[in-house]
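Just below is one structure, and these are the notes that go with it.
Read the figures in this text as sums done on the coordinates, not as results from a lab. Nothing here was measured: the structure is a model prediction, and the numbers come from that model. Every residue, glycine among them, receives a Cβ derived from its backbone with ideal geometry; neighbour counts consider all protein chains shown.
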Amino acid sequence: MNEDDMMIEDDAIALEDTDDTVVEDADVSSIIPFIQSRYLRSEDYREQDENRWLRAYRNYRGLYSNDVQFTEAEKSRVFIKVTKTKTLAAYGQITDVLFANNKFPLSIDPTGLPEGVVEDVHLTLTNQSKCRLTRMLVLMDLLVTVEI
């Protein structure tokens, strides 16, 4: 299309092109590196979590990791699936708690006297300490009659 063929309305305003097309805005220019750094940090954290999840999944399924190499004579090694045993035990306990018909699977009984606590405490006071204690109790309105 030729410039002469274009129809421009009488009330239209045209802007001239400039060579300086890059406009720096202080607020916008600082936010882009901030967002990129946060994204990279979250990606790194996610990768660490995913590696941990994959390791846990392999342990649960009893799969060897990629770094395990067998010699020509051996085809496999003993793999004890402790993770699966613990997971199934925890699942069973949670199921018992949730679906136990309003009964909690643990019982709690009160103790009459806590272990390791003396039943009676005896205190021997001198005459001077008795007088101080009586004055203090009188001042705190805990003792009404005073015997001297």
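Listed values for region 119-128 are Karplus-derived 3J(HN,Hα) couplings in whole Hz (6.51 cos²θ - 1.76 cosθ + 1.60, θ = phi - 60°), namely 6, 10, 10, 10, 10, 9, 10, 7, 4, 5, and x replaces Gly and Pro.
Going by neighbour counts of Cβ atoms within 10 Å, the residues D96, D11 line up, fewest first, as D11, D96.
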